[in-house]
Number of protein chains: 2
Amino acid sequence: MIDHQMPNWLKQRAFLTPDRMAFYTGKETVTFRELDNEVRSLALKLAGMGFVKHDKIALLFNNQLDIVKLYHTMPYLGTVAVPLNTRLSYEEQKWQLEDSGAAALIYDEAYRERANKIKELNPKLQMMSIRELESQTEASGDLSTHVNMDDLHTIIYTSGTTGFPKGVMLSYNNHWWSAVGAALNLGLQIDDKWLAAVPLFHVSGLSMLMKNVIYGVPVVLHAAFDPEAVNRAIIEDGVTMVSVVTTMLTQMIDRLGDKTYPKSFRCMLLGGGPAPKVVLDLCKDKGIPVFQTYGLSETGSQIVTLSPEYMLEKLGSAGKPLFPCEIKIMKGHQEAEANTEGEIVVKGPNVTRGYLNRPQATEETIIDGWLYTGDIGYLDDDGFLYVLDRRKDLIISGGENVYPAEVEAVLLQHQDIVESGVIGVKHARWGQVPAAFVKLRGTGQTVTEQAVIEFCKERLAGYKTPKHVFFVDELPRNASKKLLRRNLYDLLPDQLRP
Amino acid sequence: MIDHQMPNWLKQRAFLTPDRMAFYTGKETVTFRELDNEVRSLALKLAGMGFVKHDKIALLFNNQLDIVKLYHTMPYLGTVAVPLNTRLSYEEQKWQLEDSGAAALIYDEAYRERANKIKELNPKLQMMSIRELESQTEASGDLSTHVNMDDLHTIIYTSGTTGFPKGVMLSYNNHWWSAVGAALNLGLQIDDKWLAAVPLFHVSGLSMLMKNVIYGVPVVLHAAFDPEAVNRAIIEDGVTMVSVVTTMLTQMIDRLGDKTYPKSFRCMLLGGGPAPKVVLDLCKDKGIPVFQTYGLSETGSQIVTLSPEYMLEKLGSAGKPLFPCEIKIMKGHQEAEANTEGEIVVKGPNVTRGYLNRPQATEETIIDGWLYTGDIGYLDDDGFLYVLDRRKDLIISGGENVYPAEVEAVLLQHQDIVESGVIGVKHARWGQVPAAFVKLRGTGQTVTEQAVIEFCKERLAGYKTPKHVFFVDELPRNASKKLLRRNLYDLLPDQLRP
């Protein structure tokens, strides 16, 4: 709908400000010119291997420059990136590779063993490590100098309420408007320096790579999250903006001790679910400029963010929509009034056009351009959003989303389990962890809690695996036999109750 | 082509940050909420008078809040603004009213007499002063909450190379991408404060009104340009950005004396043609952060701007295109190589789709999305644009190109000359030769024509040296203080007139 051409972003950035620092990894500094040269070389090698426009290329990487470069080869070739969450089980990864119709998987050397396992399950898939790709010969052809803004750049898998993950299609438009909307809200300073310690395979990390080239601001890239290292980068290295989720922020404050952040540090962008008030109060006391924000893979990162001037007055709110975006609360088929909770519904040019090969899920989720998020919240009298709960049953564990339906579906694959229900229970470090309730097929089995956990561990990412399993005779259901997950909380032992 | 809907910008801004200051006029402060309330009231009054979508409404105003409000009524009604240059003769204004098919003219009380004269020439035109409009009754209907980005907001008349003014059509897209492109280059700080002393009926002033609502930064509005008042606003009132043309800048520096601008002042955006190196050198010495820029009505304000990091290294260059834009130099039908002069050709989503009711002029000017500006320049090895001159003013003498701006810059190096203008006059042998008009610093000098010619001869090739020098009290300039070279012809003695 809003298609037009624009110069390739990295190419344009390397033309406009070639000598500005693009990345600093602690070991390595790369300017935009250098980054672009390396990306072009990789793109020509991929072209030499026969990859063409619309091919999907899956990426299995930790946070490092290799995945940054591979992301940027996509516009040069017209290919589409399918970043894989490294923490998923290999069955899950195999499933996403098949569902997306990926033409190839490129992986970090660290994941060679994992790649071999996937290969066993999917022998026809073309696979190579980044080092193997680098040893290829460059094609002699030309690379695309422009992008069609409505073309896809990324497919990011997210598990919805339906139990199975769906591929969110993100176009150049989505990424562009996300970056521009954020800049109009947070500002854009010549001396800005972002820190990325969130995974680059998630939309939060990926959106920083887009801002990097569109804004022309450097990104300090951390391979893994280390609270002391992030604090050091803020205090000593001039980092001005950091993206975090609550568990990261809590650890950073914990390690900060009596120290404070310098005045140049202007934005702690806090996503990944509603933040506990106690954490926000702590930040207020310590003068940490927290910007609460609300976003989904489907919105290409944040879509609602609290502006600086309301940071204190509206503590606990996720704020107002970005300038190009809109929000409303729906209660059934009616728009809810102020202070009335309902489903959070959003709209904007950063919102996905839908899920890959899932027309029905797309139709159910996006109606007249409005995305029905499934999350619950309300708007106050001034139009500020308060997020009450993610997608009702969503469990957020260390900033990662765990969808009960997905875990329940895996539990049902166990030969002795006939019914399952999963909820989140409190956890000191991760905020929440999954707990499972299962009904066994008959009497006389000797299934143990540990056996069920092991069964899940083989099929699910660690953070999705239940930490507690309770055996019950019956699961709470309503008249139409729909599982009433909220009633499972009544069955918890006291020490796990919310 | 890139049509989609977006919330009405002022409405959205008033929703997001209602209490931020929108305007300060020296007498009055207006927040975004107040501005929006007043604009809605005016829009409902216009609706009550029967104005509907696509109606063109001409505006005849000095720099004041009334024209700001009227501009913002357009998206609420779907009407299109036709700002009139207040300095034009009433025959010229009448011509633009007819050419645009304006449904009405709304004027400042100060222009009542002028309006009456136009009325005599055009008795059927609906006309009212702003006070008359304010006394109307509000309609009871609804206002548009959204804009279609491809709809027109403004028609701005520009005298092109053809001699007759043409109406440049500017859409919401054009204004949006202009504002976003500028922010990605100049940055966007929470504490920014723009000063508008350039006319709001020109694209330079109008683009500031768009930035005002899109960025949410306040504008300090000066009714007329007063160099001392602008200096005071920078030094005392926290203004961080000012748009100027060379003659304004020169006067500001002149009145600045020994004072300097504070560090918070971060951008002197210098447009309106190539700047003399002597002025840029002076700014460099005084530490004034000048951003040279190049733009046209057709590009919705700047399209090429020098980034801060190249301010000194590339002194005299207009810089590189804004992030969403492109530039090339054409020599006949070929793209010129680096360091080769030719026609400046630009492309981007901020570029007009063409001239109102002038399909032929549009076709000749915009080819495959590229706007042929008629201006002359070159790109250096690094891709920086150097604007040599507007093509219309090019003097061709004995087959050699003479750019008036170059000769004028040399004249300004003369200690007794404060302003200069150069045109070509007929010559039997060489076709054309340059003739100079100069304004001397004060009275009492004894500078002779011969002395000025000698001065130039030492600094310029023979064919570039003026063959005539005329001493004048004032040079003809338009409302934004840009030199009107074509009006110099009127000052020539009969025997030299074309």
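A quick yes/no check of all residues on (1) of a type in the set (A, V, I, L, M, F, W, C); (2) surrounded by fewer than 23 Cβ atoms within 10 Å (Cβ to Cβ); (3) more than 14 Å from every other protein chain (Cβ to nearest Cβ):
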residue	(1), (2), (3)
A:Thr31	no, yes, no
A:Leu60	yes, no, yes
A:Leu77	yes, yes, yes
A:Thr86	no, yes, yes
Conditions first: (1) surrounded by 20 or more Cβ atoms within 10 Å (Cβ to Cβ); (2) of a type in the set (A, V, I, L, M); (3) part of a helix (DSSP H, G or I). A:Ala110 passes all but one, so which condition is the exception?
(1)
Going through the range A:267-290 in order, the residues found to be within 14 Å of chain B (Cβ to nearest Cβ) and without any contact (Cβ under 8 Å) to a residue 40 or more places away in the chain are A:Pro289
For residues in the range B:14-23 being at the interface with another protein chain (Cβ under 8 Å from one of its Cβ atoms) and in a helix (DSSP H, G or I), which is farthest from A:Glu309 (Cα to Cα)?
B:Phe15
Do you know which residues across the range A:353-411 are aromatic (Phe, Trp, Tyr) and closer than 20 Å to A:Thr465 by Cβ?
A:Tyr403
B:Ser41: passes all of (1) farther than 18 Å from B:Pro83 by Cα; (2) crowded, with 16+ Cβ neighbours inside 10 Å; (3) more than 25 Å from the chain's Cα centre (by Cα) but (2)
Considering only residues that are open to solvent by 10 Å² or more (accessible area, probe 1.4 Å) and within 11 Å of chain B (Cβ to nearest Cβ), which ones fall in the range A:307-319?
A:Ser307, A:Pro308, A:Glu309, A:Tyr310, A:Glu313
All positions within the range B:323-346 that are within 14 Å of another protein chain (Cβ to nearest Cβ), open to solvent by 10 Å² or more (accessible area, probe 1.4 Å) and in a strand (DSSP E or B)
B:Glu326, B:Ile327, B:Lys328, B:Glu335
Test B:Val213 against the stated conditions and say whether it is assigned to a helix (DSSP H, G or I), open to solvent by less than 10 Å² (accessible area, probe 1.4 Å) and in contact with a Lys or Arg (Cβ under 9 Å, 6 or more places away or on another chain).
yes
Might you let me know whether the range A:220-235 holds any residue that is modelled with pLDDT under 95 and among the small types (Gly, Ala, Ser)?
yes
State yes or no: is B:Gln93 within 14 Å of another protein chain (Cβ to nearest Cβ) and among the polar types (S, T, N, Q)?
no
Checking the structure you have, find out if any residue of the range B:403-420 is more than 24 Å from B:Lys481 (Cβ to Cβ) and in contact with a strand residue (DSSP E or B) (Cβ under 7 Å, 6 or more places away or on another chain).
no
Please determine whether any residue of the range B:199-213 is assigned by TED's automatic domain parsing to the domain that holds B:Met268 and more than 18 Å from the chain's Cα centre (by Cα).
yes
Being free of Cβ contacts under 8 Å to residues at least 60 places away in the same chain, away from chain A (no Cβ under 14 Å) and surrounded by fewer than 24 Cβ atoms within 10 Å (Cβ to Cβ) narrows it down to one residue among B:Ala104, B:Ala47; which is it?
B:Ala104
The number of residues in the range A:381-396 that are open to solvent by less than 20 Å² (accessible area, probe 1.4 Å) and modelled with pLDDT of 90 or more is 3
Return the total of residues in the range A:421-450 being over 30 Å from A:Met248 (Cβ atoms), assigned to a strand (DSSP E or B) and open to solvent by 10 Å² or more (accessible area, probe 1.4 Å).
2
Scanning for something assigned to a helix (DSSP H, G or I) and at pLDDT 90 or above, does the range B:255-269 turn up at least one residue?
yes
Residues that are open to solvent by less than 10 Å² (accessible area, probe 1.4 Å), at pLDDT 95 or above and away from chain A (no Cβ under 14 Å): find the strands (runs of 3 or more DSSP E) completely inside the range B:132-208 holding 1 or more of those.
B:152-159, B:165-171, B:194-196
Which members of the range B:216-254 meet the condition of being in a loop (DSSP other than H, G, I, E, B) and of a type in the set (D, E, K, R)?
B:Asp226, B:Asp237
Filter result for B:Lys263 (over 23 Å from B:Arg485 (Cβ atoms), open to solvent by 40 Å² or more (accessible area, probe 1.4 Å) and in contact with a helix residue (DSSP H, G or I) (Cβ under 9 Å, 6 or more places away or on another chain)):
no
Residue that is nearest to the other protein chains (Cβ to nearest Cβ), among those in the range B:347-360 that are open to solvent by 20 Å² or more (accessible area, probe 1.4 Å) and not in a loop (DSSP other than H, G, I, E, B)
B:Lys347
Looking only at the range B:291-322, which residues are closer than 21 Å to A:Arg20 by Cα, assigned to a loop (DSSP other than H, G, I, E, B), of a type outside the set (A, V, I, L, M, F, W, C) and touching a residue at least 24 places away in the same chain (Cβ under 8 Å)?
B:Ser307, B:Lys314, B:Ser317
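The values are calculated or read from the model by the stated rules, or taken from the named source; none is laboratory data. All values derive from a computational prediction rather than experimental measurement. As a convention, Cβ positions derive from the backbone with ideal geometry for all residues, glycine included, and neighbour counts pool all protein chains shown. Quick note on the areas: whole protein, heavy atoms, side chains included, nothing else; ligands and nucleic acids left out. Shrake-Rupley method; radii C 1.70, N 1.55, O 1.52, S 1.80 Å.
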